[in-house]
Amino acid sequence: MKNILYKSFLVLAAGLMLGACEENAIEDHNNPVQGGAFIKFAHTSPTAPAVNFYLNSSKISGLAPTASGEEQGLSFTTTSVFPSSFGYSNVPAGTHNLQAISPAAAGGAVVAQGNVALAEGGHYTAFLLGLAEPYETLLVESKMPEANYSRSYIRVVNVAENAPSALDAVVVRTATSETAETRTSIGNDVSYKGQTDYVAIDAQGSYVVELTLEGAEGPVVLKSASFSPIAGRVYTLIVRGDFATAAGSLLIRDR
């Protein structure tokens, strides 16, 4: 009899525990986003202080605070893009006041601001630009290509200060013992604040992007670090810095 009562108690306890777990379980929110616009942020000014980006006074970008709890911001030399891994932040569509504001410990000053119009379903990158006050923001639309899991895509955005009036961008697949070098134009005459369309490339091998003057045969003024694209992914090469001192590039993943 005691054994029967003990087993009954175990069954009842297990049922109560299961009910409690279900009641307090964390909801699974894995449904795809159905509305709004999509935006990422890039600190591309070599002289501006660290900032966080706000839309209508709501902080959108954010890094983990220091061990002492001090707010951190995006900076040119450390973490310069948010989201830092890939993708975009989902925000309401419409017209917003975009602000780049320094962290509280640095004074909480408005470094740059401007109004932006974000279309429903649109993808955008907001850049912080300039070499001295007043700094400015630039909104660039990302016209995302259709998903293709057999190719990769890449584009170039030129936000480097003192850039030549026009740059030609070529993506070069490095030659191997089995394959010859291949060169694919990404775009021509990419001026300051300009961008190219996304261009499909084979998702195999090692690549660099070369920026040239006077066409593909002109002198190379900037070469990216080598990268190996993955099928289905979409990339942007940001040309940044200052051509008068030290221009460079940063490859980020959009999708």
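Rounded to the nearest 20, the size of the Cβ-charge dipole of the chain about its Cα centre is 640 debye, with Lys and Arg at +1 and Asp and Glu at -1.
With 23 Å as the limit, write out which pairs from LYS193/LYS223; LYS143/LYS193; LYS40/LYS193; LYS59/LYS143 have Cα-Cα distances beyond it, or answer none. Correct reply: LYS59/LYS143. Residues LYS59, LYS40 in ascending order of nearby Cβ atoms (within 10 Å, fewest first): LYS59, LYS40. Subtracting the Cα-Cα distance of ALA225 and ALA64 from their residue separation scaled by 0.36 nm leaves 55.2 nm.
With neighbour counts taken as other beta-carbon atoms within 10 Å, the residues ASP197, ASP242 rank, fewest first, as ASP197, ASP242. For the chain, which longest stretch is free of loop sites, where a loop site is one of the GluC sites (Glu not before Pro) that DSSP puts outside H, G, I, E and B and that has at most 15 other Cβ atoms within 10 Å? Here the longest run is 71-119.
When only alpha carbons of the chain are considered, Rg and Dmax amount to 24.1, 95 Å. Relative to the compact-globule estimate of 2.2 N^0.38 Å, the Cα radius of gyration of the stretch 35-142 comes out at 1.00. If you take all other residues with their beta carbon under 13 Å from the beta carbon of GLY87, and give Lys and Arg +1 and Asp and Glu -1, the sum is +3.
Which chymotrypsin sites (Phe, Trp or Tyr not before Pro) in the stretch 68-173 pass both tests, a DSSP loop state and at most 13 other beta-carbon atoms within 10 Å? Listed in order of number, the matching sites are TYR149. A dipole drawn for the chain from +1 and -1 charges on Cβ atoms has a positive end, and of TYR192, GLN204, ASN115 the residue lying farthest that way is GLN204. For the chain, the relative contact order works out to 16 percent when only alpha carbon pairs closer than 8 Å and six or more residues apart are counted. Between the helical axis of 2-24 and the longest alpha-carbon principal axis of the chain there is an angle of about 30 degrees.
Sorted fewest first by neighbouring Cβ atoms within 10 angstrom, HIS123, HIS43 come out as HIS123, HIS43.
Every number here is computed from the coordinates shown, using simple stated rules; none is lab data. Only a predicted model underlies this, so the values are computations on that prediction, with no experimental measurement involved. Using ideal geometry, Cβ is built from the backbone for each residue, glycine included, and neighbour counts are taken over all protein chains shown.
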